[in-house]
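To start, the structure itself, in structure tokens.
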Amino acid sequence: MWNQFKGLARLAPAVAGALLLCQAGALRAQEHLHEGDIELEIEAGKLHVHGAAETAFGTGYAIFEGSFTTALAGPRWRTTNPGFDSASGTFQSTDMVYFSAWGTLAFWDGDSWENTAPKGEVIVIRDSLDETVTVSTSGITSSEFFTGFISDGGPTGSIHQHISFTVQTTPLGSQPTIGAYRIGLQITSPQYESSDPFYLVLNRGLSSEAFEESVHALAVPEPSTYAMMGLGLGLIGFLARRRMA
């Protein structure tokens with residue numbers, strides 16, 4: 001009996017070590033999901049994005065936020081946030097995940113979103129293969145071999161990847177205008193149906209309150225929209241009353 005007890009005592013450190021390794025593995029898996037990142041999931045064979053701050057009025061597109069806090073000296077400002085995350089087991093190891101840009105660049109001038117850039121600003125997105133796509137107020141242009149690659153599923157079937165977003169003037173030479181910049185993105189994969197389109201709004205120098213105002217303006221209708229809605233409802237009511245008369 002005593003010998004059995006001594007044997008169990010000798011096993012205790014190994015058991016404790018194994019438990020610690022399991023706990024560490026669980027913690028590493030949890031670390032893949034970071035607040036503010038674009039969380040990727042697969043539902044019924046379709047890619048979905050989660051974790052957005054707001055959704056856009058009219059379209060329901062998710063709105064994600066970022067800030068050009070990792071500034072380059074001179075006329076370019078860059079950030080690698082938000083990144084892209086998924087839980088372990090979301091993907092197969094051979095799955096390939098990409099992004100595509102759509103639409104045009106919009107700029108928040110403090111009162112409204114405009115399809116103009118004060119200094120010809122553009123957003124340059126650099127993918128995981130170091131190829132670039134540029135979003136301007138006139139559309140999308142890309143380098144010759146651009147794929148928009150984010151990541152594969154890897155050994156754990158999860159993604160945790162950051163790509164870079166840079167705002168710069170055209171031509172280079174001056175600081176990008178202080179304000180918010182909006183671009184459209186979509187997640188794609190050969191293995192799954194593409195995600196719904198979504199917006200990424202990036203802050204260049206605004207206060208937190210002013211930046212959130214720009215995001216909120218995308219999520220609620222502008223006063224002119226309310227006026228048009230009221231006019232339309234009034235017209236419907238007038239026509240209904242005429243039919244009843």
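Of all residue pairs spaced 6 or more apart or on separate chains, those with beta-carbon atoms under 8 Å, a first member in segment 132-158 that is within 15 Å of Val122 (Cα to Cα) and free of Cβ contacts under 8 Å to residues at least 40 places away in the same chain and a second member that is aromatic (Phe, Trp, Tyr) and buried (at least 17 other Cβ atoms within 10 Å of the Cβ) are Thr132/Phe146; Val133/Phe146; Thr137/Phe107. Trp113 meets the conditions (1) hydrophobic (A, V, I, L, M, F, W, C); (2) touching a strand residue (DSSP E or B) at 6+ places or on another chain (Cβ under 6 Å); (3) more than 25 Å from Ser208 (Cβ to Cβ) in every case but one. The failed one is (3). Taking only segment 90-105 into account, find how many residues are buried (at least 18 other Cβ atoms within 10 Å of the Cβ) and farther than 15 Å from Gly184 by Cα. Summing the residues that are buried (at least 18 other Cβ atoms within 10 Å of the Cβ) and farther than 15 Å from Gly184 by Cα in segment 90-105 gives 4.
Can you name the residue in segment 39-62 that is free of Cβ contacts under 8 Å to residues at least 60 places away in the same chain and outside any loop (DSSP other than H, G, I, E, B) and is also surrounded by the fewest Cβ atoms within 10 Å (Cβ to Cβ) among such residues? Ranking the candidates gives Glu43 first.
A quick yes/no check of all residues on (1) in contact with a Pro (Cβ under 9 Å, 6 or more places away or on another chain); (2) in a strand (DSSP E or B); (3) β-branched (Val, Ile, Thr):
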| residue | (1), (2), (3) |
| --- | --- |
| Thr166 | no, yes, yes |
| Thr170 | no, no, yes |
| Pro176 | yes, no, no |
| Arg182 | no, yes, no |
| Thr188 | no, yes, yes |
| Leu200 | yes, yes, no |
| Asn203 | no, yes, no |
| Leu206 | no, no, no |
| Phe211 | no, no, no |
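Annotation: of all residues in segment 86-129 being among the acidic types (Asp, Glu) and at pLDDT 95 or above, the one that is nearest to Asp152 (Cα to Cα) is Asp95.
Residue count for segment 63-89 under the criterion of being surrounded by fewer than 16 Cβ atoms within 10 Å (Cβ to Cβ), of a type in the set (Val, Ile, Thr) and in contact (Cβ under 8 Å) with a residue 40 or more places away in the chain: the result is 1. Every condition in (1) closer than 24 Å to Trp113 by Cβ; (2) of a type in the set (Val, Ile, Thr); (3) at pLDDT below 95 is met by Ile236 except one, and the failing one is (1).
The values are calculated or read from the model by the stated rules, or taken from the named source; none is laboratory data. Everything quoted here is computed from the prediction, not taken from an experiment. When we count neighbours, we look across all protein chains shown, and the Cβ atoms used for this are built from the backbone with ideal geometry, even at glycine.
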